[in-house]
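Trainee: Just dropping this structure here.
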Amino acid sequence: MKVIIIGGGAAGMMAAYQAAKEGNQVLLYEKNEKLGKKLFITGKGRCNVTNACEIEELFDHVVTNKEFLYSGFYSFSNEMVMELFEELGCPLKVERGNRVFPVSDHSSDVISALERGLKAQHVKVFLNTKVKGLIIKEEQACGVRLESGDTVMGDKIIVTTGGMSYQATGSTGDGYDFAKKVGHKVTKLTPALVPFQIREDFCQKLMGLSLRNVGVTLCADGKKVYEDFGEMLFTHFGISGPVVLSASSYIRQYQGKELKFLIDLKPALTKEQLDHRVLKDFQQVMNKDFGNSLDHLLPKKLIPVVIQLSGIPEHKKVNEITKEERQQLVSVLKRMELTITGVRGFKEAIITQGGVDVKEINPGTMESKKIRGLYFAGEVLDLDAVTGGFNLQIAWSTGYLAGMN
Ligand SMILES: Cc1cc2nc3c(=O)[nH]c(=O)nc-3n(C[C@H](O)[C@H](O)[C@H](O)COP(=O)(O)OP(=O)(O)OC[C@H]3O[C@@H](n4cnc5c(N)ncnc54)[C@H](O)[C@@H]3O)c2cc1C
């Protein structure tokens, strides 16, 4: 069979490799001058290829449509992904949180490994070649139209055009248009794994401050909807960093509600324990100003903001602080409240939430239920996960299934 693949990113290269390995003639079209431009920037240039957790745990990290991925993850698991990369000459290592990276710490080695695989399987790669549309006859995919005006006919078409974030990498959402034009539903597209914009202007004063080991809670209309623990960062517009990006994947269904991001600066201590600790600290500096009493408790940059939020006058002597005031300080430390006014755009989003509706895709083969011979894989589908290598695992698994079938 002649298989045409649109998009030479993670899912497209995997689909091409597998389809060719099955003995098919494979043509891979990529509009950029090289393959895997987005892969190159993944994991801050190191490419977090997958996650070495137990296979069942993979599902816990998928945010949207995890049930759809059952066949994909079991047919081409994280372990199989790792075996394949080792086989293709890219040794891997496992780091904190089971994150898997190439030993070399270079994403380019992941791309080179795939390129070697494509070459060995005689996949014909066409670079600088943009696909403009699909050719469908009697509900059967039979070819593609190129930007040049040429048409290419084939027996099977796989769409792996990615999402629409970081558009300079080539993911400009073309696949969503292809899907819509042939009658597929595309669910609402929103940027995810993306920083938050925050109303409180003290964030600006904290710009550049990174907090480790904080507890965070996302609330919608006062109801807790997500909790996490880890690292975050203040920026000129609001907040970013791992726990913020992960939280952003969970706000899709709460749009229109009041969203708050609560930070517990001292998650290891209960309110009572923290009050005790503050009292002990205060006893050491009884005659100092309140403003000079928090050095042991907080990073320098955060002190003026916490003082402001506590409502305790900066120049009040520590020995004059009342129990109520101290408890108010403890409340601020345990629950620093930020109001989310929005998320940053697709330009800064790691992934796109939403995509081709998976209800219209066969989860065992990735074939469209509407058009015979048409397949979708990777981020173009309405699938997404948190950080840690899980999004690439989705691309590898769905790309593999599309290629195999
Ligand atoms: C900064 C950043 C860091 C990330 N880090 C990680 C990480 O470490 N681990 C992880 O798991 N995930 C990470 N991700 C997410 C991950 O990169 C994506 O989930 C993954 O690349 C999706 O693969 P894909 O093949 O579906 O799409 P893409 O990799 O986006 O590939 C789509 C390809 O299709 C091509 N294309 C599009 N339209 C056309 C057309 N009309 N004709 C021809 N070609 C076309 C594009 O040029 C592109 O090359 C990161 C994302 C970003 C932005």
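Trainee: Which of the three applies to the stretch 50-157, rounded, prolate or oblate, going by the alpha-carbon gyration tensor with a ≥ b ≥ c and a/c under 1.5 meaning rounded? Intermediate values should be presented prior to the final figure.
Mentor: Working: a/c = 2.70, a/b = 1.55, b/c = 1.75.
Oblate, since a/c reaches 1.5 and b/c is not below a/b.
Trainee: For LEU127 and LYS66, compute 0.36 nm times the residue count separating them, minus their Cα-Cα distance, and round to one decimal in nm.
Mentor: Fully extending the segment from LEU127 to LYS66 adds 18.7 nm.
Trainee: For LYS317, list the lysines whose Cα falls under 29 Å from its own Cα; do not include residues on the same chain fewer than 8 positions away.
Mentor: Result set, ordered by chain and number: LYS205, LYS266, LYS271, LYS280, LYS288, LYS300, LYS301, LYS334.
Trainee: How big is the antiparallel share of DSSP beta bridges in the chain, given as a percent to the nearest 5? Please list the in-between numbers first.
Mentor: Details: 51 of 68 bridges.
If I count the DSSP bridges inside the chain, around 75 percent turn out antiparallel.
Trainee: Under 5 Å between amide hydrogens, which residues at least 5 positions from GLY342 or on another chain qualify, with H placed 1.01 Å from N in the peptide plane?
Mentor: Amide H neighbours of GLY342: GLN197.
Trainee: How do the peptides 87-96, 343-352 rank, highest first, by the average count of neighbouring beta carbon atoms within 10 Å per residue? Can you show the working numbers first?
Mentor: Details: 87-96: 13.9, 343-352: 19.3.
Ranked by mean Cβ neighbours within 10 Å, highest first: 343-352, 87-96.
Trainee: If you fit an axis through the alpha-carbon atoms of helix 107-120 and take the longest principal axis of the Cα set of the chain, what angle between them do you get, 0 to 90°, nearest 10?
Mentor: Approximately 10 degrees, to the nearest ten.
Trainee: Also, I was wondering about something else. Cα centroid distance between the stretch 341-381 and the stretch 281-305, in Å?
Mentor: After rounding, the separation between the Cα centres reads 51 Å.
Trainee: Suppose each label sits 7 Å from its Cα in the direction of the beta carbon; what would the GLU139-ARG277 distance come out to in nanometres?
Mentor: Computed distance between label sites GLU139 and ARG277 equals 6.4 nm.
Trainee: To continue, here is another question. Rounding to the nearest 10 and keeping the result within 0 to 90°, find how far the Cα-based axis of helix 390-404 lies from the longest principal axis of the chain.
Mentor: Computed tilt is about 10 degrees.
Trainee: Sort the stretch 1-57 into rounded, prolate or oblate with this rule: let a ≥ b ≥ c be the square roots of the eigenvalues of the Cα gyration tensor; rounded if a/c is under 1.5, and if a/c is not under 1.5, prolate when a/b is larger than b/c, oblate otherwise. Mind showing how you got there, number by number?
Mentor: On the way: a/c = 3.65, a/b = 1.35, b/c = 2.70.
Judged from the Cα gyration tensor, the stretch 1-57 comes out oblate (a/c at least 1.5, b/c at or above a/b).
Trainee: Given contacts defined as C-alpha pairs under 8 Å and at least six residues apart, what's the relative contact order of the chain, whole-number percent?
Mentor: Details: 914 pairs, mean separation 104.3, N = 405.
RCO, the chain: 26 percent.
Trainee: For the stretch 257-269, what does the Karplus curve 6.51 cos²θ - 1.76 cosθ + 1.60, with θ = phi - 60°, yield as ³J(HN,Hα) per residue in whole Hz, taken in order and with x for Gly and Pro?
Mentor: 9, 7, 10, 10, 10, 9, 10, 9, 6, 10, x, 6, 10
Trainee: Calculate for the chain the 222 nm mean residue ellipticity that helices alone would give, adding -39,500 (n - 2.57) per DSSP H run of length 4 or more and normalising by residue count, nearest 500 deg cm²/dmol.
Mentor: Working: 13 runs with 121 residues, N = 405.
Helix contribution divided over all residues of the chain: -8500 deg cm²/dmol.
Trainee: For the ranges 390-396, 111-117, what's the packing order if you count other beta-carbon atoms within 10 Å of each residue, average per peptide, and put the highest first? Walk me through the intermediate numbers first.
Mentor: On the way: 390-396: 28.0, 111-117: 20.6.
For the peptides 390-396, 111-117, the packing ranking is 390-396, 111-117.
Trainee: For the chain, restrict the atom set to alpha-carbon positions and state the Rg and Dmax in Å.
Mentor: 25.1, 86
Read the figures in this text as sums done on the coordinates, not as results from a lab. Just so we're clear, the structure is a prediction, and the values are computed from it rather than from any experiment. Methodologically, a virtual Cβ is constructed for each residue, glycine included, from the backbone with ideal geometry; neighbour enumeration extends over all protein chains shown.
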